[in-house]
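Read through the structure below, which is laid out as structure tokens, and then see the notes.
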Amino acid sequence: MHRWLVAIWVATMFFIAAGAASAAENDEAVYEQRMELYKKAEAVSLIPWYYFAAIDQYERNIRQVRRDLPKPTGVLGIYIKPEQWAGPLNQNPHDTNPFTISQFGGLGTDGDGDGVARADDDDDVIMAIARYLQTYGIDHRHIKIALWNYYQRAKTVDLILGKAKIYKKYQTLQLDEHVFPLPLRSNYSYRDTWGDARGWGGRRIHEGTDIFAGYGVPVRSTCYGIVELKGWNKYGGWRVGIRDINNTYHYFAHLNGFAPGLREGQIVEPGTVIGSVGSSGYGPPGTAGKFPPHLHYGMYKDNGYTEWSFDPYPHLKAWERAERQRQKRR
Ligand SMILES: [Zn+2]
């Protein structure tokens, strides 16, 4: 009886391990396929691959959080609406004929030379984007104008160009690693306080997790990203906002101060020190000591129109656990 249980347990563990390994391999294969598409578009258009990667990643993130957009069918996240693909005046919004599409001014392109331009074919989609950008020019300034005309939202253009900058620096698509915001060897404590009511600042709910620690404990970036904000706010005190590659905004508040040289637009990676724990906030610039020192950590998501906060607690737990495991393995 006992031996059977052990056998079942061993078999289960084996399947879990095998499943995890194949999922990781799949991820790598998908990243490779994407990179191949971006490089192909770069070769044809002379626009650097990381712009395609950034547009694709932005749209993938948007589709993950929006219900009005269909789920991707290939490895790309870019979605081109039928009327844009076929041309606004085209009687047939699902036209796949490259000639009629171009007559109606549609974006649809035959990217792989099979004679049809399909909005659900990755080769056709990436080439349609490449051709679109090319009509503006292939340098950064013109790509920015092309993006503005395409998305009509300054924030979206900033988000995409931020991602392009990160991809350019690291020359890889695999930038999903995270760490806990405080060094694990420091003394800290936290519990799930997301959504709690709070006294100061009206009827706002608590949009984050408070991690209590002593003054001066280093605060680290939890992700690969760009410093989007650095400065004072009467609630958050000295605070930093970092935008990661998945469109998530990470917010660090009540800091004692910033890391020397930290500036908006700077690229950070998991573990980059951005400041230290403090008790700043709840008053005009410089106010501190109105509550025990802690790091207020918040997470926000952007869906292409607006931004909302979600509970960081489960993520903090997961990053803390994963980092401890990595340290044990070393
Ligand atoms: Zn807080």
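The values are calculated or read from the model by the stated rules, or taken from the named source; none is laboratory data. Because the structure is predicted, anything quoted here is derived from the model rather than measured. FYI the Cβ positions are ideal-geometry reconstructions off the backbone, even for glycines, and counts take in every protein chain you see. Accessible surface areas use protein heavy atoms only, side chains included; no ligands, DNA or RNA. Shrake-Rupley method; radii C 1.70, N 1.55, O 1.52, S 1.80 Å.
Give LYS301, LYS317 a once-over and let me know the one that is surrounded by fewer than 18 Cβ atoms within 10 Å (Cβ to Cβ), in contact (Cβ under 8 Å) with a residue 40 or more places away in the chain and not in a loop (DSSP other than H, G, I, E, B).
LYS301
Would you confirm whether or not the range 116-138 contains a residue that is open to solvent by 50 Å² or more (accessible area, probe 1.4 Å), more than 25 Å from the chain's Cα centre (by Cα), within 21 Å of PRO70 (Cβ to Cβ) and not aliphatic (A, V, I, L, M)?
The answer is yes, given that some residue of the range 116-138 is open to solvent by 50 Å² or more (accessible area, probe 1.4 Å), more than 25 Å from the chain's Cα centre (by Cα), within 21 Å of PRO70 (Cβ to Cβ) and not aliphatic (A, V, I, L, M).
Scan the range 293-307 residue by residue and report those that are modelled with pLDDT of 90 or more and either under 15 Å from ASP196 (Cα atoms) or out of contact with any Gly (no Cβ under 7 Å at 6 or more places or on another chain) (or both).
Residues satisfying the conditions are HIS294, LEU295, HIS296, TYR297, GLY298, MET299, TYR300, LYS301.
Cβ-Cβ under 8 Å, sequence separation 6+ or interchain: first residue in the range 204-216 and more than 9 Å from THR193 (Cα to Cα) and near the ligand (Cβ under 8 Å from one of its atoms), partner aromatic (Phe, Trp, Tyr) and assigned to a strand (DSSP E or B). Which pairs?
Pairs found: none.
Of the numbered conditions (1) in a loop (DSSP other than H, G, I, E, B); (2) at pLDDT 95 or above, ARG67 fails exactly one; give the number of that condition.
The single condition ARG67 does not satisfy is (2).
Anything in the range 244-289 that is touching a His at 6+ places or on another chain (Cβ under 7 Å) and either within 13 Å of VAL217 (Cβ to Cβ) or within 16 Å of the ligand (Cβ to nearest atom) (or both)? List them, or say none.
Answer for the range 244-289, where residues must be touching a His at 6+ places or on another chain (Cβ under 7 Å) and either within 13 Å of VAL217 (Cβ to Cβ) or within 16 Å of the ligand (Cβ to nearest atom) (or both): ALA253, HIS254, VAL277, GLY278, SER279, SER280, GLY281.
Just to be sure before I move on: is ALA53 touching a Phe, Trp or Tyr at 6+ places or on another chain (Cβ under 7 Å), part of a helix (DSSP H, G or I) and buried (at least 21 other Cβ atoms within 10 Å of the Cβ) in the structure I sent?
Taking the combined requirement at face value, the residue satisfies it.
For the range 78-98, check the following and say yes or no: at least one residue is crowded, with 19+ Cβ neighbours inside 10 Å, touching a residue at least 24 places away in the same chain (Cβ under 8 Å), on the phi < 0 side of the Ramachandran plot and assigned to a helix (DSSP H, G or I).
Within the range 78-98, one or more residues are crowded, with 19+ Cβ neighbours inside 10 Å, touching a residue at least 24 places away in the same chain (Cβ under 8 Å), on the phi < 0 side of the Ramachandran plot and assigned to a helix (DSSP H, G or I).
Does ASP112 qualify as being of a type in the set (D, E, K, R) and modelled with pLDDT under 95?
yes
If you take the residues in the range 151-178 that are free of Cβ contacts under 8 Å to residues at least 24 places away in the same chain and of a type in the set (A, V, I, L, M), which one is surrounded by the fewest Cβ atoms within 10 Å (Cβ to Cβ)?
Filtering the range 151-178 for residues that are free of Cβ contacts under 8 Å to residues at least 24 places away in the same chain and of a type in the set (A, V, I, L, M), the one surrounded by the fewest Cβ atoms within 10 Å (Cβ to Cβ) comes out as ALA154.
What number of residues within the range 256-293 satisfy the criterion of being in a loop (DSSP other than H, G, I, E, B), surrounded by 15 or more Cβ atoms within 10 Å (Cβ to Cβ) and among the hydroxyl-bearing types (Ser, Thr, Tyr)?
3
For ARG220, state whether it is at pLDDT below 95, closer than 27 Å to PRO285 by Cα and of a type outside the set (Ser, Thr, Tyr).
Considered against the rule, which asks whether it is at pLDDT below 95, closer than 27 Å to PRO285 by Cα and of a type outside the set (Ser, Thr, Tyr), ARG220 comes out as no.
Taking ILE205, is it closer than 26 Å to TYR31 by Cβ and either surrounded by fewer than 16 Cβ atoms within 10 Å (Cβ to Cβ) or β-branched (Val, Ile, Thr) (or both)?
In short, no.
Take the residues in the range 304-314 that are away from the ligand (no atom under 12 Å from the Cβ) and not in a strand (DSSP E or B); name whichever of them is nearest to GLU59 (Cα to Cα).
Per the stated criteria, the residue is GLY304.
Quick check on GLY231: is it part of a strand (DSSP E or B), over 28 Å from ARG63 (Cβ atoms) and modelled with pLDDT of 95 or more?
The answer is yes for GLY231.
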